[in-house]
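Trainee: Have a look at this one before I ask anything.
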Amino acid sequence: MDGELRFDRAARDAVADDFGHLVRTPPEVVLLPGSTDDVAATIRWAAKRGRTFAPQGQRHSVWGRSSAPDGIVADMTARHSVGDVRGDRIVVGAGATWSEVLAATLPQGKTPPVLADYLGLSVGGTLAVGGVGGTTWRYGVQSDNVVSMVVVTGAGRTITCSAEHHPDLFAMVRAGLGQVAVITEATLALVAAPRQVRRFVLSYPDLATMLRDERLLVRAGRFDAVQGAIPAAPTGGLMFQVDVAKFFTGSPPDDDVLLAGLSDDVAGRTPSTIPYADYLNRLAGLESALRANGQWFHPHPWITTFIGDSRVADVVDDELGRIDAAHDLGAFGQIVLSPIFTGAITSPLLRTPSEELCFAFNFVRVPTTADRGNADRLVEANRAVYERVRSNGGTLYPVSAFPMSPEDWRRHFGPAFDRLREAKRTFDPEHVLTPGYEIFEDVPHHLNRRRAAPG
Ligand SMILES: Cc1cc2nc3c(=O)[nH]c(=O)nc-3n(C[C@H](O)[C@H](O)[C@H](O)COP(=O)(O)OP(=O)(O)OC[C@H]3O[C@@H](n4cnc5c(N)ncnc54)[C@H](O)[C@@H]3O)c2cc1C
């Protein structure tokens, strides 16, 4: 072992919970891997003894998806090295956060083309789910922008995969929910980083006008990032907002050209020009506020979905009619409603509606109470939202807080399910890896899941 195995209560408790604070599952053992070989050796050990193994990044899942009941959790933050920028690439440990990646790339004038809104997520944890950000409408998700990965399969084999080498494995690891392999290292694509950002928060009187401008904004392609949000208004009711960002270096863009033809409330526009690094780190203030008021540590029953353009207006309107925003979202929460061209997404396991344009439609719930009953109510509400979204052709972004049965997953993956199951048989035949999603029925050993209140 280059790293360490921890069996003590403190180490096991530290990895039992996640950002959802809804599911608590201590493993038997915690691995702090000192190398890819440690990951491989431990997985082989687990496979022989009918144990499970789950990699864990920053534990920002919301439904125990990085847990390993009666198994081994690998704290991948131990693998967080970040290499030098080489041309349009950088090699990073899967446990590095996106902040750590940017600390190396920005001084060299480079950036990954897509970044999630929150930079405290790990590279491995994000590539395992996809990674949606403000530029996704154009460049896809973060897992579409990885060049190659060093992975350890469920059989304990270390393989470097890319579009050229082991393409089938590469396809099943990207947004593959850790089902066939653990990522230990990733080579990320980089593009030239802009110096500054011209940013506007646009306000709308209603959903229909907001959606109309979101469509116009991505079709015209004037801005680099387009993200919609519907937070609760402090005075009651809802606000309809679109956050748009134009990246630049040198002369600022012409506001009139950027904003021509939009139907937002001109008096309500909030323009700013900020450094690119500050733009990327735009959630830092919110995180500090939530840590200070304790809500960062409350349960977070989030649900994240994609809904097609043809149904978005009706479905969102219906959901808005059902929620009590102050209670169901909280003063710091919001509904995300951001346009994405589905053709930009190439990771085969990330399921999007079969329409040219869809919208990320997420309930980012930040309850003002840590009450378990309230959290359970919202988990139940999530299930109902999912059913309505699904029956309207929508799909799940699987970082959501509610249980999914193997049948739900089969339906979710649709035509991609057989490919994933085949890859599972090939690369993780003993069903060792990442059991927290509970995707497959045919597990060879009984998974003794323990769901209990945190604390
Ligand atoms: C505050 C906050 C903001 C967020 N913002 C965004 C956003 O803007 N866009 C977006 O797309 N998502 C966002 N998310 C969701 C986030 O992308 C996912 O929850 C992501 O999985 C979290 O990464 P993590 O490092 O915390 O992973 P973890 O929660 O530790 O793990 C997530 C999953 O990936 C698996 N995994 C972890 N590491 C590896 C690895 N090395 N190899 C294989 N599998 C691995 C785990 O087993 C688990 O199943 C946000 C979440 C939070 C809490």
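Trainee: Go over the candidates Leu378, Leu350 one by one and state the one that is within 17 Å of the chain's Cα centre (by Cα), crowded, with 23+ Cβ neighbours inside 10 Å, at pLDDT 95 or above and not in a strand (DSSP E or B).
Mentor: Exactly one of Leu378, Leu350 is within 17 Å of the chain's Cα centre (by Cα), crowded, with 23+ Cβ neighbours inside 10 Å, at pLDDT 95 or above and not in a strand (DSSP E or B), namely Leu350.
Trainee: Could you say which residue among Ala171, Ala163, Ala175 is within 11 Å of the ligand (Cβ to nearest atom), small (Gly, Ala, Ser) and assigned by TED's automatic domain parsing to the domain that holds Gly134? Give the derivation first.
Mentor: Values: Ala171 fails: within 11 Å of the ligand (Cβ to nearest atom); Ala163 fails: within 11 Å of the ligand (Cβ to nearest atom).
That would be Ala175, the only listed residue that is within 11 Å of the ligand (Cβ to nearest atom), small (Gly, Ala, Ser) and assigned by TED's automatic domain parsing to the domain that holds Gly134.
Trainee: In the set Val316, Val266, Val312, which member is at pLDDT 95 or above, over 30 Å from Lys110 (Cβ atoms) and exposed (fewer than 15 other Cβ atoms within 10 Å of the Cβ)? Step through it out loud before you land on a result.
Mentor: Numbers: Val316 fails: exposed (fewer than 15 other Cβ atoms within 10 Å of the Cβ); Val312 fails: exposed (fewer than 15 other Cβ atoms within 10 Å of the Cβ).
Exactly one of Val316, Val266, Val312 is at pLDDT 95 or above, over 30 Å from Lys110 (Cβ atoms) and exposed (fewer than 15 other Cβ atoms within 10 Å of the Cβ), namely Val266.
Trainee: Suppose we filter region 107-125 for residues that are charged (D, E, K, R) and within 9 Å of the ligand (Cβ to nearest atom); how many remain?
Mentor: Residues flagged as charged (D, E, K, R) and within 9 Å of the ligand (Cβ to nearest atom) within region 107-125 amount to 1.
Trainee: Suppose we filter Gly343, Gly436, Gly414 for residues that are surrounded by fewer than 15 Cβ atoms within 10 Å (Cβ to Cβ), under 24 Å from Thr126 (Cβ atoms) and in contact (Cβ under 8 Å) with a residue 60 or more places away in the chain; which single one remains?
Mentor: Gly414
Trainee: Here is a further query. Considering only region 173-204, state which residues are among the charged types (D, E, K, R) and more than 30 Å from Ala233 (Cα to Cα).
Mentor: Within region 173-204, Arg174, Glu185, Arg195 qualify.
Trainee: From the set of residues in region 110-167 that are touching a Gly at 6+ places or on another chain (Cβ under 8 Å) and without any contact (Cβ under 8 Å) to a residue 40 or more places away in the chain, which is surrounded by the fewest Cβ atoms within 10 Å (Cβ to Cβ)?
Mentor: For region 110-167, the residue satisfying everything is Ala116.
For every residue, the table says whether it meets (1) near the ligand (Cβ under 7 Å from one of its atoms); (2) in a helix (DSSP H, G or I).
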{"site": "Gly34", "(1), (2)": "no, no"}
{"site": "Ala41", "(1), (2)": "no, yes"}
{"site": "Gly50", "(1), (2)": "no, no"}
{"site": "Arg59", "(1), (2)": "yes, no"}
{"site": "Asp70", "(1), (2)": "no, no"}
{"site": "Ala74", "(1), (2)": "no, no"}
{"site": "Ile90", "(1), (2)": "no, no"}
{"site": "Ser99", "(1), (2)": "no, yes"}
{"site": "Thr105", "(1), (2)": "no, yes"}
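Trainee: Looking at Val147, Val191, Val151, which is the one that is within 14 Å of the ligand (Cβ to nearest atom) and within 23 Å of the chain's Cα centre (by Cα)?
Mentor: Val151
Trainee: Right, another one. Can you list residue pairs whose Cβ atoms sit under 7 Å apart, with the first residue in region 54-67 being more than 16 Å from Leu22 (Cβ to Cβ) and the second being near the ligand (Cβ under 6 Å from one of its atoms) and in a strand (DSSP E or B)? Count only pairs 6 or more apart in sequence or on different chains.
Mentor: Partner pairs satisfying both residue conditions: Pro55/Val182; Gly57/Ser122; Gln58/Ser122.
The values are calculated or read from the model by the stated rules, or taken from the named source; none is laboratory data. Because the structure is a prediction, the values reported are computed rather than measured. As a convention, Cβ positions derive from the backbone with ideal geometry for all residues, glycine included, and neighbour counts pool all protein chains shown.
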